[in-house]
Amino acid sequence: MANEINIKRGIDWVTVLLYLSLVLIGYFNIYAAVYNPENPIAIFSLEHSAGRQLMFLGLATILVTFILFTDYKVYDSFAYIFYGFMILLLIATIFLGSDIKGSKSWIKLGSFSLQPAEFAKLVTALALSKYLSSQTVNLKRFSDLWKAAALILIPPVIIILQKETGSALTFSIFLVVLYREGLPGIYPALSLAFVILLVLSLFYSKWYILIGLVVLAVIFYYFILSKRDRKRQNVIRIAGIVLLFSTFTMGVDFFVNKVLQPHQQKRIKILVDPDADPLGAGWNVTQSKIAIGSGGFVGKGFLKGIQTKFDFVPEQSTDFIFCTIGEEWGFVGSLILIGLYLAFLARILYLAELQRDKFARVYGYCVASIIFFHLLVNIGMTIGLMPVIGIPLPLVSYGGSSLWSFTILIFVFLKLDAHRSYKV
């Protein structure tokens, strides 16, 4: 009875409303992506993505009910157990998973497939929140930092072995959570520097970059450091950083050409030169940009998108669902969708800061970070600013695994927040 009262009084209905808005937008645009005017489809038919998405939504409702009526302490107490089980499931998927488009990250369940990698982000968020909520953990201590890093890195390493690089990259966003919880700023700064060097190395000669690094080091030493700080130890530190960055820059070509898979190499080349393979690897992005651009300011209208109607963009109900929105609802519709996401993220962060329990606060930041990463990368790849890595748009893209994992991720936090809000 107390739990029921807790839910009624404590659930944050603003977040629930934003969740429902995104889910409904997703459903109608999935329907638009598979709609064929010459052969209209029944709305509940499981023969097409829209009908199956309705079924996934029904199952998501059951998951939400289960989460809200489960004791909130379960998520904290069993966080490590959930994490351990998921690691075993990810390993098993390497051997038992079905090969779908070159990735062995899917487990076949009859006519449907389940992707454990989508749920790995959820359990990693729980395990990381459990670890960081310990009173003895201090991320300024190297030993504690590496334990947190191990929790984050183990799942993506296994996921990469499944040849599912896109899902693995999502785990990098947990760096934001670590920084929020006391990670020294030097680590995010170095990570950002490596990302910038990676991007620069793709577009410019590595020799120009190396010269630039030396010039920046000289400017920093003579014009930014005070005379008092121009000591031998600082010279060694600056030289070490330049050497580290130079080694990384020199290794980018090897990584791209020798480590990445052929299809991943093509995606990188398309990012650098969109016209390199317009009928092959560049087709998706080119057609996606055409669809979004053709929508204009207010769009062509629901079910009236030409690019959408004639399947010019592959994966248009999943990874490229944003181009359907752009074509049929235009700049205005796209802006409204992005506005809803930003409001959703802002609300989660607001609730996270209100938490009295550290576990709930850290978990709230994990939820917001994961959603933000998916939003940034998915929209970025549909407009050609990021390589195509197969990341769904949260709650909007078609897919049971994606919908269920984000639903569980969000409503576990709402359950924790409901406990915070509950007053007798």
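Within segment 302-361, the residues that satisfy the criterion of being of a type in the set (A, V, I, L, M) and touching a Lys or Arg at 6+ places or on another chain (Cβ under 9 Å) are L303, I306, L351, A352, L354, A360. In this entry, I238 passes the filter for residues that are touching a Phe, Trp or Tyr at 6+ places or on another chain (Cβ under 8 Å), farther than 25 Å from I173 by Cα and either among the hydrophobic types (A, V, I, L, M, F, W, C) or at pLDDT 90 or above (or both). When segment 342-365 is limited to residues that are closer than 29 Å to F302 by Cβ and open to solvent by less than 20 Å² (accessible area, probe 1.4 Å), the one that is nearest to the chain's Cα centre (by Cα) turns out to be L345. Residues that are at pLDDT 90 or above and open to solvent by less than 60 Å² (accessible area, probe 1.4 Å) do not occur anywhere in segment 105-112.
Quick grid of which residues meet (1) under 19 Å from S191 (Cα atoms); (2) of a type outside the set (S, T, Y); (3) open to solvent by 50 Å² or more (accessible area, probe 1.4 Å):
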| site | (1), (2), (3) |
| --- | --- |
| Y208 | no, no, yes |
| I211 | no, yes, yes |
| V218 | no, yes, yes |
| L225 | no, yes, no |
| D229 | no, yes, yes |
| F245 | yes, yes, no |
| F248 | yes, yes, yes |
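Counting residues in segment 72-93 that are outside any helix (DSSP H, G or I) and at pLDDT below 95 gives one or more. Only one of (1) more than 18 Å from L169 (Cβ to Cβ); (2) modelled with pLDDT of 95 or more; (3) among the small types (G, A, S); (4) buried (at least 23 other Cβ atoms within 10 Å of the Cβ) fails for G339. Which number is that? Here G339 meets the rest and fails (4). Could you check, for segment 318-329, whether at least one of its residues is at pLDDT below 95 and surrounded by fewer than 23 Cβ atoms within 10 Å (Cβ to Cβ)? Yes; the residues of segment 318-329 include at least one that is at pLDDT below 95 and surrounded by fewer than 23 Cβ atoms within 10 Å (Cβ to Cβ). Scanning segment 143-182 for residues that are outside any helix (DSSP H, G or I), touching a Leu at 6+ places or on another chain (Cβ under 9 Å) and open to solvent by 10 Å² or more (accessible area, probe 1.4 Å) yields a count of 2. Looking only at segment 115-142, filter to residues that are closer than 24 Å to V195 by Cα and in a loop (DSSP other than H, G, I, E, B); which one of those is least open to solvent (accessible area, probe 1.4 Å)? Result: L139. Return the residue satisfying two criteria in turn: it lies in segment 183-212 and is in a helix (DSSP H, G or I) and of a type in the set (S, T, N, Q), and of such residues it is nearest to the chain's Cα centre (by Cα). Per the criteria, the residue is S191.
Just one of the listed residues (L17, L54) is within 15 Å of V396 (Cα to Cα), modelled with pLDDT of 90 or more and more than 22 Å from the chain's Cα centre (by Cα), and it is L54.
The one condition from (1) of a type outside the set (S, T, N, Q); (2) at pLDDT 95 or above; (3) surrounded by fewer than 21 Cβ atoms within 10 Å (Cβ to Cβ) that A368 does not meet is (3).
The C-beta contact set for segment 377-401 (first residue open to solvent by 20 Å² or more (accessible area, probe 1.4 Å), second residue hydrophobic (A, V, I, L, M, F, W, C) and at pLDDT below 85, distance under 6 angstrom, 6+ apart or interchain) comprises G384/V285; P387/I268; P387/L271.
The values are calculated or read from the model by the stated rules, or taken from the named source; none is laboratory data. Note that the structure is predicted; figures quoted are calculated from it, not measured. Cβ atoms come from the backbone with ideal geometry, glycine included; neighbour counts cover every protein chain shown. Ligands, DNA and RNA are excluded from the accessible area calculation, which covers all protein heavy atoms including side chains. Shrake-Rupley method; radii C 1.70, N 1.55, O 1.52, S 1.80 Å.
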